[in-house]
Structure formats: structure tokens, C-alpha cells
1. Between 183, 105, 127, which gets the highest mean-square fluctuation from a Gaussian network model of the chain, Cα cutoff 10 Å?
2. Given the C-alpha atoms of the range 1-139, compute the convex hull and give its volume per residue in Å³.
3. Return the percentage of antiparallel bridges among DSSP beta bridges fully within the chain, rounded to the nearest 5 %.
4. Provide the per-residue ³J(HN,Hα) series for the range 30-35, in order, calculated from phi with Karplus coefficients 6.51, -1.76, 1.60 and θ = phi - 60°, each as a whole number of Hz, with x at glycine and proline positions.
5. Take the cross-link list 2/148; 93/156; 48/91; 93/180; 93/177 and give me the ones stretching past 27 Å between alpha-carbons.
6. Where does each of 109-121, 3-15, 156-168, 38-50 land if you order them by average Cβ count within 10 Å, highest first?
7. Quick check on the chain: helices-only [θ] at 222 nm, where DSSP H runs of length 4 and up contribute -39,500 (n - 2.57) each and the sum goes over total residues. Nearest 500, please.
8. In whole Hz, with x marking every Gly and Pro, tabulate ³J(HN,Hα) for the range 74-87 from phi via Karplus 6.51 cos²θ - 1.76 cosθ + 1.60, θ = phi - 60°.
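Derivation of every value follows stated rules applied to the coordinates shown; laboratory data play no part. If you're wondering where the values come from, they're calculated on a predicted model, not measured in any experiment. Methodologically, a virtual Cβ is constructed for each residue, glycine included, from the backbone with ideal geometry; neighbour enumeration extends over all protein chains shown.
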Amino acid sequence: MKGVVVFCGSSEGNEPAFATDAYDLGATLAKQGINLIYGGAKIGIMGKVAEGALEHQGNVIGVIPEFLKRKEVFHEGLSELIITQSMHERKLKMHELSNGIVMLPGGFGTLEEFFEMLTWAQLGLHPYPIAILNTNGFYDELLHMLQKMVDKGFVKQGNLQAILVDTKIDALLDKMKVYKPLPVPKWMTKDEL
């Protein structure tokens with residue numbers, strides 16, 4: 001993998017493990033020579049993941065919309081900071097720079113970013129692994145809800161199984177490195193992509 005986009009909170013949450021795992025993920029990406037692409041802030045666990053990578057000589061690319069530049073307190077020590085005009089442009093740029101996605105704990109924005117990338121994979125718009133680092137079981141209830149979507153006939157089991165989940169960083173990255181993309185839906189042709 002050349003680069004991994006990390007979606008996570010601009011807050012630290014209320015468990016120290018959230019910040020610890022974020023920092024350790026950044027450090028691990030740096031040690032493995034994988035670029036970190038993230039939301040560009042120096043606050044919350046967003047800041048911790050960047051700090052972990054930077055303190056281990058990693059390449060860190062922040063992508064932040066102009067209107068959030070002040071609110072999220074952009075990180076001034078990044079390898080590169082890209083300013084976009086909108087949230088949509090931000091996600092598109094992050095996607096263009098990466099070939100893997102990891103979600104850490106976060107709020108509504110984190111979920112929105114993650115699910116857009118997951119939907120794009122389901123539609124065959126990208127072949128990249130999509131992963132959840134499930135720190136302290138943070139996403140257990142979400143994973144139960146996703147299984148319910150399968151059980152009720154709204155999501156295919158194969159699509160759910162395409163989400164890589166682990167509580168350990170190295171194990172999660174190992175899964176990402178051997179990921180096989182979802183098959184392109186039969187009702188879509190390459191011309192439609």
C-alpha cells in the first residue's frame with residue numbers, strides 16, 4: 001500500500017486507548033513506509049495519528065476544506081497540507097491519494113466518510129481495502145447493525161465481509177495487504193464506471 005487514508009474524530013473521546021491507538025497507527029504506517037492521508041487537523045485523535053507518523057519520520061498529507069481550516073485547527077508541521085473548497089472535494093482528494101481506508105473512533109463525520117468509501121467499493125468505483133480498527137469494541141454495535149442489514153436483506157453478506165475489522169494494528173494492516181476487491185456488480189458495466 002502506498003497510502004492509507006484514516007478517518008477519525010477531531011475529538012479525543014473519553015478513553016485513553018482511542019488516542020493511543022491513533023498514535024500507534026500513525027507510527028506503524030510510518031515504520032512501514034506507508035503515507036498517512038488524513039483530515040489535516042492537529043486536534044483530537046486526528047492530531048494523534050499525525051503525531052505518531054511524524055514522530056517516526058512518516059510522510060503525512062493533510063486534506064482540509066478552507067472553511068474547517070480554523071475550526072479544526074490545522075496541523076502546521078505536516079509533510080503536505082492540501083486545502084480544498086468543499087467536504088466532497090476533500091474526500092475525493094483523500095481517495096485519490098490513497099489505496100486503503102482505516103476508520104478509527106469518531107463521530108458523524110467519521111461515519112459519513114467511511115460509508116461513502118464503502119459504498120464506492122460496493123459499486124466498483126475503487127478496489128481498495130476498507131478497515132475498522134475497533135479500539136475497545138467502539139464499533140461493536142455498528143457491526144451488529146450492519147449484520148442486521150444483511151439479515152433483513154438490505155446488504156449482501158459478501159459486502160459486509162469485505163469490511164476488515166481487528167483490534168490490533170499489525171493484524172489489520174496484514175489483512176489490508178492481502179485484500180481481494182469486491183466483484184463489480186453484474187448490473188454495472190465498465191462504461192458506467
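1. Comparing 183, 105, 127 in a Gaussian network model of the chain, the most mobile one is 183.
2. Values: hull volume 12.9 nm³, N = 139.
Residue-normalised Cα hull volume stands at 93 Å³.
3. Values: 1 of 22 bridges.
Antiparallel bridges make up about 5 percent of those DSSP assigns within the chain.
4. 4, 4, 8, x, 9, 4
5. Details: 2/148 34 Å; 93/156 29 Å; 48/91 20 Å; 93/180 23 Å; 93/177 22 Å.
Exceeds cut-off: 2/148; 93/156.
6. Numbers: 109-121: 17.5, 3-15: 20.7, 156-168: 14.9, 38-50: 25.4.
The peptides rank, most packed first, as 38-50, 3-15, 109-121, 156-168.
7. Details: 7 runs with 79 residues, N = 193.
One gets -12500 deg cm²/dmol as the mean residue ellipticity at 222 nm.
8. Running phi through 6.51 cos²θ - 1.76 cosθ + 1.60 with θ = phi - 60° gives 4, 7, 8, x, 6, 5, 7, 10, 10, 9, 10, 8, 8, 5 Hz.
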